[in-house]
Amino acid sequence: MSDDATPTERQTPETAGYAHGWTTRSASVRQTLLLAALVATVVVGLAYQLGAAETSFDRPGQLLLLFVDLAPVLWFAAAPIILHALRWRAIAERFRWVVIAAIIAASVALVGRLTIGNESLPAALLDPFTAAFVVAIGAAVAWTRVRVTRIASGDDRGITVVGLALGFAVAALGIALGWLRLLLVGPVVPPGMPSEPIGGISVTPLLIAATFVMVSGLFWLTDRTRRR
């Protein structure tokens, strides 16, 4: 039984859904969510680079620096604190607050890009670490919720399938964003450099994104079918 369980949960673990209570410990939930969020952030960032046709990295550490952005830094600093502070609360409430933290972090990043970075609104919105970052965190929360609830109920079937469905969906989002960035704003360039939209770009990234969406749907349908 978890040390973070409430008195009611300690008295009636089966009723509270803690038959496999180790999965609902605050430390386990925190580690699972943070790892899922890290994977989702990396996937959406790399997919964005692919969609924006920016796949050459000529300096050591350049790939890592792609993910050192304001929203991820703020969220990954705040999320462990929030999860620890709310360890006595229901898991749904912890998840709700980390999603709110993602929205706040993305909003701060968006304002920073518009003011300090002097970016246009389309460029800021089409960045993978503003609005899309909230979607990535939402996917991580959704997978963590599925994992926790299914293992706690004694049935862990389909956890990997759900993770694959969400992973392909997040990758599709990143590719589509990168393609839209290239079409509407222009290629990704260093700050201060002019960027112009590119006309007549290939629709291949969009087709790849659509394929990923279909694969995601197939995984989701497979999970739903197996659990009926």
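Measuring spread by the Cα atoms of segment 60-190 yields a radius of gyration and Dmax of 16.7, 52 Å. Taking Lys and Arg as +1 and Asp and Glu as -1, the other residues whose beta-carbon sits under 12 Å from that of T222 total +4. Please identify which residues in segment 143-182 have an amide N closer than 16 Å to a label point set 7 Å out from the Cα of F76, following the Cα→Cβ vector. No residue passes the distance filter. Note on V203 and A92: their simple-model spin labels are 4.3 nm apart, each label 7 Å out from Cα toward Cβ. Remark: segment 65-115 is approximated by an ellipsoid whose semi-axes, taken from the C-alpha gyration tensor as √(5λ), come to 24, 11, 7 Å, largest first. Rounded to whole numbers, the Karplus 3J(HN,Hα) couplings from phi for segment 29-43 are 4, 5, 5, 5, 5, 5, 5, 5, 5, 5, 5, 4, 5, 5, 4 Hz, using 6.51 cos²θ - 1.76 cosθ + 1.60 with θ = phi - 60°, and x at Gly and Pro. Under a 5 Å amide H cut-off, with hydrogens placed 1.01 Å from N, G186 pairs with I198 among residues at least 5 apart or on other chains.
Between H84 and T32, full extension at 0.36 nm per residue minus the direct alpha carbon distance yields a gain of 17.4 nm.
Read the figures in this text as sums done on the coordinates, not as results from a lab. None of the values given here were measured: they were computed from a predicted structure. Every residue, glycine as well, gets a Cβ built from its backbone with ideal geometry; the counts of neighbours run over all protein chains shown.
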